[in-house]
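The values are calculated or read from the model by the stated rules, or taken from the named source; none is laboratory data. Remember, it's a predicted structure, so these values are computed and weren't measured experimentally. Cβ sites come from the backbone with ideal geometry, for glycine too, and all protein chains shown count toward neighbours.
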Amino acid sequence: MEKIENIELKFLTIQDYQELKEAMIEAYSNLPNSFWKHREIDTLIKEFPEGQVVIKVNGEIAGCALSIIVQYSEFEENHSYREITGNYTFKTHTNDGDVLYGIDVFIKSEYRGLRLGRRLYDYRKELCENLNLRGIAFGGRIPNYHKFADTLTPKQYIDKVRMKEIYDPVLNFQLSNDFHPARILKGYLEGDKASKEYAVLLEWDNVYYEKPKKKAATIKKVVRLGLVQWQMRNYKDLEGLLQQVEFFIDAVSGYRCDFALFPEFFNAPLMAEYNHLSEPAAIRELSSFTAAIRDRFSELSISYNINIISGSMPEIVDGVLYNVGYLCKRDGTVERYEKIHVTPDEAKVWGMQGGSHIQTFDTDCGKIGVLICYDVEFPELSRLLADDGMDLLFVPFLTDTQNGYSRVRNCAQARAIENECYVAIAGSVGNLPKVHNMDIQFAQSMVFTPCDFAFPANGIKAEATPNTEMILVVDVDIDLLRELNTFGSVRNLRDRRKDIFELKKISK
C-alpha cells in the first residue's frame, strides 16, 4: 500500500460509480453479483444523498456505506435483504421513517486494519442523531458460520462469537461498535453461502432520540438546580418564615433555575413557641403549619416559574406522624413524597413512623426522585427510582454533627455513581437554642455526578461553603447521562446480574 497522504469522508456521487463498482467487486469477491447497478446507485443518491458516503484514501475509494430510512415497525420482525430494499428499488425508503437501515458497508482489503470502517459507522451514528431517528439497524453477515454449521445453530454460533470463543470478522467488528444482536434472520441474503444465508439483525439505539410530541412541550436537556443552604434562625411567626422562603425562591428564580431544593425540617424554628410542651407534642403542633406552607410553596412555584422541592415537614395522617415533603411544579400540580426510614431519634423522641410509598415524578425536566435524608443511606430505594427512569435525585437533609453529615454525603455520592444520575443534597446550618431536639446543624450542600470522562473526575459538580447560609446554582446535562448509560467506561445499571438477583417494590 502506498503512503497515505490524505483520508477524507465524502458524499457519494454518480460520477464515482465506475470506481465504486470495481471496489465492490474486489471487496465481495466471494459473493455472486456483488455490485450495485448504475441505476440503483443513482436512485439511492437521489432519494437520500446524505445516507451515501465513501472514504477516499489519496483520492481513491477505499470504502463505502449506503443507507436508507425505513419505518421500522414494518420490518422489525423477520425480513430479507430483498424485502428491506423493496426488491432493490429502495421504494422502502421514507423520510418519515424512524430508523436508519444499513444497506451496505465495505472496506477494500488493502485498506483493512486502518479503522476506516469505524469512521463510516461513526458517520452513520452522527447522521442518525442529527435526523432524530430511533437508531440504526441492518442484517449482519456471519461469514465464518459455514465452518461450524454442522455442529452449531446460528444462535449458538453468535453466543460463542460474543464470548470470544469463535472469531467472525464481520460480527466481531459490529459488536465492538456498540451494535447488539436483536434476532436471527433466516434466508436473508440470497447466495451468501458462507453465512448459509443467515444474518444477524443488529441494532444501535440513539440515546438522544426524542419521540415527536403532539403538544407544545419539551423536556429540557440542560437543567439548572438551585440549592438553598438554609440558616436556622428564630421567626416571629409563620409569615416571617415564608418571607425568608420567598427571598430564596426569588433569588434562585432570578438565575433562571428549574428547581429549588429546601432542606429537611427547614420549618423547625416555628417549634420555638411550643418549647414548653414535650417534644412529641411540639412536633405535632409544628405539623399544623404543613398544609399552609405547602399551599404557599405551590403559589410561589407558579408565580416564580420554578419547580420547588419543599424539603420536608411533619404531617399527621389518621393520627400517625410522618416526615413528608411536596414537589410543587410550576404548572400548578403538587405531588407528595415521604420519608421511608425514620431515624432512631425521630422514632424515639417524636414517635414518628416511616412511610411506605416511593415513586418517581414526571417534570418538564425529566423524571426525578426525592429521598429524605436517612433514606439515601439505603441503596435499594434509589435503585428502584433509577429502574423507573430517574435522572435527578434530590436529597433534603438535616444533620447535627459532621459524622452524621458524612453519612449522608458519602451515601449520596455513591447513589450518583451506582445509579448513573445526578444527586443534589441540601441541608440547614446554624443552631436553634430555643427548640428542643434541634440544637445544632452541620451542612454542606452539593451536587454529585457519576465518575466518568464527561463528568468531574471526583464526581463533585459543585459544593457550597460548609455551615454558611447561601444558595448553590448548578447546571447539569441530562444528555451526558444518556451517553454514559450506553458508552460509559463502566455501566452500573446495564451490567447488573439480574440472572442471580432482583429488586422489586412490594405493592401495598
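Check every one of the strands (runs of 3 or more DSSP E) wholly within segment 310-396 and list those with 2 or more residues that are within 19 Å of F266 (Cα to Cα).
Strands (runs of 3 or more DSSP E) meeting the threshold: 313-317, 320-328, 334-338, 392-396.
Every residue, every condition in (1) exposed (fewer than 15 other Cβ atoms within 10 Å of the Cβ); (2) among the basic types (K, R); (3) under 34 Å from the mean Cα position of the chain (by Cα); (4) not assigned by TED's automatic domain parsing to the domain that holds I142, yes or no:
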| residue | (1), (2), (3), (4) |
| --- | --- |
| Q18 | yes, no, no, no |
| W36 | no, no, no, no |
| K56 | no, yes, no, no |
| I69 | no, no, yes, no |
| S73 | yes, no, yes, no |
| E77 | yes, no, yes, no |
| Y81 | no, no, yes, no |
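Out of the strands (runs of 3 or more DSSP E) lying entirely within segment 402-457, which hold 3 or more residues that are crowded, with 19+ Cβ neighbours inside 10 Å?
Fully inside segment 402-457 and qualifying: 422-426, 446-448.
What single numbered condition from (1) outside the structural domain of E483 (by TED's automatic domain parsing); (2) more than 28 Å from the chain's Cα centre (by Cα); (3) not in a helix (DSSP H, G or I) fails to hold for K211?
(2)
Across segment 180-199, which residue is nearest to T85 (Cα to Cα) among those that are in contact with a Lys or Arg (Cβ under 8 Å, 6 or more places away or on another chain) and charged (D, E, K, R)?
Filtering first and then ranking leaves E190.
Could you give me the residue pairs with C-beta distances under 6 Å whose first residue belongs to segment 451-462 and is under 13 Å from E420 (Cα atoms) and free of Cβ contacts under 8 Å to residues at least 60 places away in the same chain, whose second residue is hydrophobic (A, V, I, L, M, F, W, C) and in a loop (DSSP other than H, G, I, E, B) wherever it lies, and which are 6+ apart or on separate chains?
Filtered contacts from segment 451-462: G459/C451.
Pairs under 7 Å by beta carbon, first residue assigned by TED's automatic domain parsing to the domain that holds G51 and surrounded by 12 or more Cβ atoms within 10 Å (Cβ to Cβ) in segment 1-15, partner small (G, A, S) and modelled with pLDDT under 95, six or more apart or different chains?
Every condition considered, no pair remains.
For the list (1) touching an Asp or Glu at 6+ places or on another chain (Cβ under 8 Å); (2) surrounded by fewer than 17 Cβ atoms within 10 Å (Cβ to Cβ), I need the number of the one condition that F179 fails.
(2)
Residues K164, K125: which one is of a type in the set (K, R) and assigned to a loop (DSSP other than H, G, I, E, B)?
None of the others qualify; the one that does is K164.
Can you find a residue in segment 349-372 that is closer than 18 Å to S298 by Cβ, surrounded by fewer than 19 Cβ atoms within 10 Å (Cβ to Cβ) and in contact with a strand residue (DSSP E or B) (Cβ under 7 Å, 6 or more places away or on another chain)?
Checked segment 349-372: no residue is closer than 18 Å to S298 by Cβ, surrounded by fewer than 19 Cβ atoms within 10 Å (Cβ to Cβ) and in contact with a strand residue (DSSP E or B) (Cβ under 7 Å, 6 or more places away or on another chain).
Starting from residues that are farther than 14 Å from A260 by Cα and aliphatic (A, V, I, L, M), keep the ones in segment 282-307 and report whichever is surrounded by the most Cβ atoms within 10 Å (Cβ to Cβ).
I283
Residue under question is L398, and the condition is that it be at pLDDT below 95 and either buried (at least 18 other Cβ atoms within 10 Å of the Cβ) or out of contact with any strand residue (DSSP E or B) (no Cβ under 6 Å at 6 or more places or on another chain) (or both); does it hold?
No, not satisfied.
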